[in-house]
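To start, the structure itself, in C-alpha cells.
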Amino acid sequence: MANIVIERIRKSFGAFQALKEISLTINDGEFVSLLGPSGCGKTTLLRIIAGLETASSGDIRIGDRSVVGLAPRERGLAMVFQNYAVFPHMTVYENVAFGLRMQKADQARVKSQVEKAAGLLHIEQYLDRYPSKLSGGQRQRVAVARALAVEPQVLLMDEPLSNLDALLRLEMRAELKTVLQSAGTTTIYVTHDQTEAMGLSDRIAVMHGGCVEQVGSPVDVYNHPATRFVGGFIGNPPMNFIKLPVSDGHVAAGGEHLAVPPETGDEIVLGLRGEAVELATLPQGLEMKVRVAEPMGSHLLLTGSIHDQPARVILPAFETVKSGDVIGLKLDRKRIIWLSPASGKAFPAAAA
Ligand SMILES: Nc1ncnc2c1ncn2[C@@H]1O[C@H](COP(=O)(O)OP(=O)(O)OP(=O)(O)O)[C@@H](O)[C@H]1O
Ligand SMILES: [Mg+2]
C-alpha cells in the first residue's frame, strides 16, 4: 500500500504562515492534483512530503509509516521538481538512468527502462546529448522520464509540463495519464493550470492562501464549488457570481422567482456556470447587457453585465447575438448554486 496521509501540516517561514493546517489523504494508486494560484503553498507542501522541507507541525504517512524525520531517499518516492533539475554533467541517458543506478538495477533493466521512458517523453533522439544542448521543454521531459524510469510507487510532480508548448503539453498529459494509471502509481501533481488538473486527476485539492479550500472529483469541484474562490478559479470562463436582493425567500431572475436556501439575509449571491443558460425573450429571461460577443467556432462567448455586475456566458455557435445587444437568459435551475455574500461559502445544494 502506498497511500499518503497528510495530517494537520503547518509551515511557517519566520512570521509568515505558508501552510495553515492541511489534512489530505491520497489513496493507493490515486492521482490527486494540488491546484491553486502562485504562492498558495503547493511547492512547499510537496517539498514537505518529499522530505526536502521540514513542517512546523503535523504528520506525513506514506504507506502507513510516518516519514517525518526520514531523509528524502528513505521515503520511497520519485519527484519531478518545478525547476526540473537535471544533472548537467551527465548525458540524457545517464540522467534518465540515475534512479535505476541508485537502485543497482542490472544493465538490461536500465537499458529497457530508459528506452521506455525516453520513448514515452519523445526524447529518444537526445539520449547522447548533455542537458546544456537541450531546450527548456526538452530538459523538463528528461526530468519526467527520470522519475518514471524507476516505476515509483509514489510520484510527486511539480508543474512538470509547464515549459512545453500547448500541443506537446496536451499529448504528454494523455501519455502521463495512461502510464500512471496502468502502473497504479500514487501521484501528487502540482499545477496552477485548471484544465490540466481537470483532465488528469481522480481528485483535485484546490489550495488558496496556505489552505485547502475543497477536495473533490473534477466534476464535483466544477459543478459544486464550496467557495467563491473555487468557482472562480476553476472553469473557463470562471463561474459568474451575481449578488441579488432576496424578498420572501425568493430572488427575481427576469420573470422567474427562484427559491433561495432558508435563513439567508436580504441579499444572496447566485453562482452560475456560463454554459448553464439558454437564450430567452425579455422580460421573462434574466437581462444581460452584452458588451462583447466573440464567436469562438465551437460556441459563442458573451461578456457583459447582469444586474450591473460582470458576467460571461456561453451560447451555442448558431446564436446571432452581437456586441451591444441586450438579451434575456433562461437559467438552468439545477445548475445554480447559492453563496453567502459575507463568507463566500456555498449553501448546501438542493435548494434551487
Ligand atoms: N524558503 C522560504 N522562505 C520564505 N518564504 C518562502 C520560502 N519558500 C516559500 N516561501 C513563501 O511561501 C509561499 C508559498 O510558496 P510556494 O513555493 O509553496 O508557492 P506555490 O504555490 O508553489 O507557487 P507557484 O505556483 O508560484 O510555484 C509563498 O508566499 C512564498 O513566497
Ligand atoms: Mg510552486
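Taken together, the values in this text are just the output of simple stated rules run on the coordinates, not laboratory data. These numbers come from a predicted model, not from an experiment. Cβ coordinates were reconstructed from backbone atoms using ideal geometry, including for glycine residues, and neighbour counts include every protein chain displayed.
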Between the alpha carbon centres of the stretch 105-132 and the stretch 303-352 the gap in Å comes to 50 Å
Once both label points are put 7 Å beyond Cα along the C-beta direction, the Ala183-Thr25 separation in nm becomes 2.6 nm
The relative contact order of the stretch 237-339, taking Cα pairs under 8 Å that sit 6 or more residues apart, comes to a percentage of 32 percent
Those GluC sites (Glu not before Pro) from the stretch 230-290 that are DSSP loop and have at most 11 other Cβ neighbours within 10 Å turn out to be Glu263
Once the in-chain neighbours fewer than 8 apart are removed, the aspartates and glutamates whose Cα is under 18 Å from Lys322 read Glu275, Glu278, Glu287, Glu294
In Å, the Kirkwood estimate of hydrodynamic radius for the chain over Cα pairs equals 22.6 Å
Ordering 186-192, 207-213, 49-55, 168-174 by per-residue average of other C-beta atoms within 10 angstrom, highest first, gives 186-192, 207-213, 49-55, 168-174
PRE zone check, label point 7 Å out along Cα-to-Cβ of Ser217, amide N under 16 Å, scope the stretch 18-47, hits 27, 30-33
Quick calc: nm separation of the 7 Å Cα→Cβ label points for Glu53 and Arg333 -> 4.7 nm
Plugging the Cβ-Cβ distance of Arg291 and Glu256 into 1/(1 + (r/R0)^6) at R0 = 25 Å yields, to the nearest 0.05, a FRET efficiency of 0.55
Flagged as over-length at 26 Å C-alpha distance, from Lys177/Lys334; Lys111/Lys177; Lys42/Lys116, the pairs are Lys177/Lys334; Lys42/Lys116
